[in-house]
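Q: Okay, here's the structure, questions in a sec.
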Amino acid sequence: MKIEFYGLVKQFDDDRVILKSIDFCDDIHTLAIIGPSGGGKSTLLRIIGGLILPTAGEIYVDGEKVSADENELQKYRKNIGYVFQQGGLFRHMTAIENITVPLIKVHGYSKEQAEERAGELLGRFGLLEEGHKRPAALSGGQQQRVAIARAIAAKPKMLLLDEPTSALDPEYTTEVLDIIHELKQQGIDFIIVTHEMGFARHACDKVAFLCDGQLMEYGESSRLFNQPETEQFRTFLGKLLEWNV
Amino acid sequence: MKQLFVLDDKKRTSPIKVLLNVLLVCILLVAVFWLSLSAINVTFDFSFLGNFQVRIWQGFLMTVFLSLASLILSLIVGVLSAVGQNSKILFFRYLCNIYVGFIRGTPLIMQIYLFFYIVGTAWGIENRFIAGVIILSVFEGAYIAEIIRGSLLSIDDSQLEAAKAVGFTKMQTTRYVILPQLVARTLPALTGQFASIIKDSSLLSMIAVIELTQTMREISATTFKLFECYLFLGILYLCLTLPISFISKRLEGAFNYEN
Ligand SMILES: Nc1ncnc2c1ncn2[C@@H]1O[C@H](COP(=O)(O)OP(=O)(O)O)[C@@H](O)[C@H]1O
Ligand SMILES: [Mg+2]
């Protein structure tokens, strides 16, 4: 999937500039966005997902400009799957309803088709027993697996994941990362914001290092981790490694 | 022995235990009542109530209808005010804020006298039932507005963002996310508010709406059976409010999807 940004700027109401003119152009399949907290990673992902508008600049996905018009954006969002750090599931719906309701109401599936698709995905993600539970009755790892199932249910062009494992206990992290890795093998394109450096390095083709609202480094993951170019990236990696076993 | 009287960690308290302790409470209450009343030489005699069957029944129905009509009208007032309080148009915002603040900050009985003067005299609404419903709805509407506003506030941004992300339109977000969560959060409290409406409607006896309280007041004035009349009145109100409180509790359980 080809992604392009030109002069992307985001400034919130309080006048702080969160993204400082980002330019980017590449054909990507799996991309990890990494960087220190508050660097603007979530903001960038929200803009790519059409959830918020940039203050200035343009985005193109597969050569098509992402519009600023709400109706156009709503159509655009239909083709994108989004997984949030936490709390992204509808609390009043069961796991199955979380998947079927958007399929029926947004994508025009019949009830039977939607239920079949939900059952298929829940089965694949080891959640068959959990289908009729509401999010509050699921573990964090199960919630995130349902969220991923919902995000890919309508076969989106691209999947966006914003720190899908950050709110999880360590033992649940692997089960979620395994699923995302599986999606890669099925050829689903995704962009993931993550602090799991092992995953960024080994499971994602490309890595972008976002710091202070700027795209400081970008490239093949194998190269980037072996030869960090900027001081900031070296410092960032050094901090992460400090307490490693 | 002690085990019979204290709550233990088990999910269900055994029926024998419940019965025993409820019985103790009843004995205490009856004893207090009985001693107090016998101190002033009152003996109970409810037989006279049979003579007033029709009037009591009419008063009872009047209270039910008053409360139902007020429930509907106050829901409308409450929803509109809650929306108004969140409005971007400052005029509506301040209007609704002032309305809710005034009503919640002053006693109902003062409002009844004041509004009856306005609604009844200035607007010329002679029908006491209609006047009563309007006054009661204006009062309860402010409380309902607060209930709804609170639930609106408690709907998480994450839920709205998720609704956007799955591709819902604004309408679909309202229909499939906001409304169900709003209903789940407000229904138990709204049911409770209905019990309040029933009780508060008794104050309309002040403007001579012949509802249950007014009926009993009149009966007690002619028979001089004050205690019997008001005790019976209390029981009649409980017949209405206890089932509602029960339903409210059940709804709370049924809609509690947070844990
Ligand atoms: N809706 C918002 N309004 C104001 N400031 C925001 C908003 N969203 C994010 N920010 C600010 O933008 C900065 C970057 O946030 P974010 O994109 O979440 O960073 P990251 O995901 O890299 O930790 C933070 O300082 C945050 O406080
Ligand atoms: Mg973030």
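Any read-out appearing in this document is the output of simple, stated calculations on the displayed coordinates, not a laboratory observation. For clarity, every value in this text was computed on a predicted model and none was experimentally measured. Here the Cβ positions follow ideal geometry from the backbone for every residue, glycine too, while neighbour counts run over all protein chains shown.
Q: Pop the C-beta distance of A:Lys155 and B:Ile16 into the FRET formula with R0 = 51 Å and round what comes out to the nearest 0.05.
A: Values: r = 60 Å, r/R0 = 1.18.
It comes to 0.25.
Q: If you don't mind, another one. Could you name the aspartates and glutamates in cross-link range of A:Lys78, using Cα to Cα under 17 Å and dropping any fewer than eight places away on the same chain?
A: Within the straight-line cut-off, A:Lys78 pairs with A:Asp62, A:Glu64, A:Asp69, A:Glu70, A:Asp189, B:Glu161.
Q: Can I ask one more? Which value in Å does the Kirkwood hydrodynamic radius of segment B:57-126 take, with 1/r averaged over all unlike C-alpha pairs and then inverted? Mind dumping the intermediate values first?
A: Values: mean 1/r = 0.0710 Å⁻¹.
Computed over Cα pairs of segment B:57-126, the Kirkwood hydrodynamic radius comes out at 14.1 Å.
Q: Would you mind checking the tilt of helix B:179-200 against the longest principal axis of the Cα atoms of chain B, expressed as 0 to 90 degrees and rounded to 10?
A: 30 degrees
Q: Something else about it: For a 29 Å ceiling on Cα separation, which of these pairs sit above it: A:Lys41/B:Lys170; A:Lys10/B:Lys164; A:Lys157/A:Lys206; A:Lys105/A:Lys157; A:Lys65/A:Lys239; A:Lys133/B:Lys249?
A: Numbers: A:Lys41/B:Lys170 26 Å; A:Lys10/B:Lys164 19 Å; A:Lys157/A:Lys206 18 Å; A:Lys105/A:Lys157 19 Å; A:Lys65/A:Lys239 38 Å; A:Lys133/B:Lys249 22 Å.
Correct reply: A:Lys65/A:Lys239.
Q: With label points built 7 Å along Cα→Cβ from the Cα atoms of B:Asn127 and B:Arg175, find their separation and express it in nm.
A: So the label points at B:Asn127 and B:Arg175 sit 3.6 nm apart.
Q: Based on the alpha carbon coordinates of segment A:127-213, what radius of gyration and maximum Cα-Cα distance (Dmax) apply, in Å?
A: Gyration radius and largest Cα-Cα distance of segment A:127-213: 13.5, 44 Å.
Q: If eta is 0.692 mPa s and T is 37 °C, what Stokes-Einstein diffusion coefficient results for the protein assembly as shown, Kirkwood Rh from Cα pairs, in µm²/s?
A: Details: Rh = 28.0 Å.
The diffusion coefficient I find is 117 µm²/s.
Q: Based solely on C-alpha atoms, express the radius of gyration and the Dmax of segment B:1-43 in angstrom.
A: 15.2, 46
Q: Okay, next question. So what's the back-of-envelope 222 nm ellipticity for chain A, counting only DSSP H runs of four-plus at -39500 (n - 2.57) apiece and dividing by all residues, rounded to 500? Write out the running numbers ahead of the final one.
A: Working: 9 runs with 98 residues, N = 245.
That comes out to -12000 deg cm²/dmol.
Q: State the answer as a single residue: which of B:Phe92, B:Ala163, B:Ala184 lies farthest towards the positive end of the charge dipole of segment B:53-254, with beta carbon charges of +1 for Lys and Arg and -1 for Asp and Glu, about the Cα centre.
A: B:Ala163
Q: From the residues B:Leu136, B:Ile219, B:Val54, which one has its Cα farthest along the dipole of segment B:53-254 in the positive direction, the dipole being from +1 and -1 charges on Cβ of Lys/Arg and Asp/Glu about the Cα centre?
A: It is B:Leu136, whose Cα lies furthest towards the positive end.
Q: While we're here: Only helical DSSP H runs with n ≥ 4 go in: add -39500 (n - 2.57) per run for chain B, normalise by residue count and round the 222 nm mean residue ellipticity to 500 deg cm²/dmol.
A: That comes out to -24500 deg cm²/dmol.
Q: Further, regarding this structure: Quick one: which residues, 5 or more positions from A:Val193 or on another chain, have an amide H under 5 Å from its amide H? H modelled 1.01 Å from N in the peptide plane, none for Pro or chain starts.
A: It is A:Ile33, A:Leu161, A:Asp162, A:Glu163, by chain and number.
Q: Nearest 0.05, what FRET efficiency do B:Phe102 and B:Val32 give at R0 = 56 Å with Cβ-Cβ as r?
A: Numbers: r = 40 Å, r/R0 = 0.71.
Efficiency, from the Cβ-Cβ distance: 0.90.
Q: Another question about this same structure. Does segment A:10-156 come out rounded, prolate or oblate, given a ≥ b ≥ c as the square roots of the eigenvalues of its C-alpha gyration tensor, rounded meaning a/c under 1.5 and, failing that, prolate meaning a/b above b/c? Spell out each step's value before the answer.
A: Numbers: a/c = 2.20, a/b = 1.70, b/c = 1.29.
It is prolate, given that a/c is not under 1.5 and a/b is the larger ratio.
Q: Could you identify which residue out of B:Leu37, B:Leu236, B:Leu203 has the top mean-square fluctuation in a GNM of chain B using Cα springs shorter than 10 Å?
A: B:Leu37
Q: OK, next. Highest first, please rank the peptides A:43-49, A:181-187 by the mean number of other Cβ atoms sitting within 10 Å of their residues.
A: Working: A:43-49: 22.1, A:181-187: 12.3.
By packing density, highest mean first, the sequence is A:43-49, A:181-187.
Q: Still on this structure, I have one more. Relative to the longest principal axis of chain B, what angle (0 to 90°, nearest 10) does the C-alpha long axis of helix B:128-154 take?
A: Approximately 50 degrees, to the nearest ten.
Q: List the GluC sites (Glu not before Pro) within segment B:67-152 that fall in a DSSP loop (any state other than H, G, I, E or B) and whose Cβ has at most 14 other Cβ atoms within 10 Å. Present the calculation step by step, with values, prior to reporting the outcome.
A: On the way: sites: B:Glu126, B:Glu140, B:Glu146; in loops: B:Glu126.
When the GluC sites (Glu not before Pro) of segment B:67-152 are filtered for loop state and at most 14 Cβ neighbours within 10 Å, B:Glu126 remain.
Q: Given a Förster distance of 45 Å, report the FRET efficiency between A:Glu182 and B:Val79 from their Cβ-Cβ distance, rounded to the nearest 0.05. Show your work: numbers first, answer last.
A: On the way: r = 47 Å, r/R0 = 1.05.
Efficiency for this residue pair is about 0.45.
Q: Same structure, new question: Could you tell me the center-to-center distance, by alpha carbons, between segment B:77-134 and segment A:59-118 in angstrom?
A: Using only Cα atoms, the two centres lie 43 Å from each other.
Q: Scaled to the compact-protein estimate 2.2 N^0.38 Å, what is the alpha-carbon radius of gyration of segment B:184-230, rounded to two decimal places? Mind dumping the intermediate values first?
A: Details: Rg = 14.6 Å, N = 47, 2.2 N^0.38 = 9.5 Å.
Cα-based Rg divided by the globular estimate yields 1.54.
Q: For a label point 7 angstrom out from the Cα of A:Ser37 toward its Cβ, which stretches of segment A:166-185 have the backbone nitrogen within less than 12 Å?
A: Of the residues in segment A:166-185, A:167 have backbone N under 12 Å from the label point off A:Ser37.
Q: Kirkwood Rh over alpha-carbon pairs of segment B:153-239, then Stokes-Einstein at 20 °C and 1.002 mPa s: what D in µm² s⁻¹, rounded to an integer? List each step's numbers first, then the result.
A: Details: Rh = 16.6 Å.
Once the numbers are plugged in, D ends up at 129 µm²/s.
Q: Let me ask another. Given N residues in segment B:1-132, what is Rg(Cα) / (2.2 N^0.38 Å)? If you can, show how the numbers build up before the last one.
A: Working: Rg = 24.5 Å, N = 132, 2.2 N^0.38 = 14.1 Å.
The value comes to 1.74.
Q: Within chain B, what's the longest run with no chymotrypsin sites (Phe, Trp or Tyr not before Pro) in a DSSP loop and at most 12 other beta-carbon atoms within 10 Å? Give the range, please. Kindly include the intermediate steps, with their values, before the conclusion.
A: Details: sites that count: B:Phe5, B:Phe44, B:Phe46, B:Trp123, B:Phe224.
With chymotrypsin sites (Phe, Trp or Tyr not before Pro) excluded where exposed in loops, chain B gives B:124-223 as its longest stretch.
Q: Across chain B, where is the longest run that never hits trypsin sites (Lys or Arg not before Pro) in a DSSP loop with at most 14 other C-beta atoms within 10 Å?
A: Numbers: sites that count: B:Lys10, B:Lys11, B:Arg12, B:Lys88.
With a cap of 14 other Cβ atoms within 10 Å, the longest stretch comes to B:89-259.
Q: I would also like to ask the following. Tell me the Kirkwood hydrodynamic radius of chain B in angstroms, computed as one over the mean inverse distance between distinct C-alpha pairs. Spell out each step's value before the answer.
A: Working: mean 1/r = 0.0458 Å⁻¹.
Taking the inverse mean of 1/r over all distinct Cα pairs, chain B comes out at 21.8 Å.
Q: With the Cα gyration tensor of chain A giving a ≥ b ≥ c as the square roots of its eigenvalues, does the rule (a/c under 1.5 for rounded; else a/b larger than b/c for prolate; else oblate) give rounded, prolate or oblate? Before the final figure, lay out each step's value.
A: Numbers: a/c = 1.88, a/b = 1.32, b/c = 1.43.
Oblate is the answer for chain A, as a/c is 1.5 or above yet b/c matches or exceeds a/b.
Q: Could you work out the mean count of beta carbons from other protein chains within 10 Å of each residue's beta carbon in B:166-177?
A: Details: counts 19, 17, 7, 6, 2, 0, 5, 0, 0, 1, 9, 5.
Mean partner shielding for this stretch: 6.
Q: If you don't mind, another one. With axes computed from alpha carbons, what is the tilt in degrees of helix A:140-153 against the longest principal axis of chain A, rounded to the nearest 10 within 0 to 90?
A: 80 degrees
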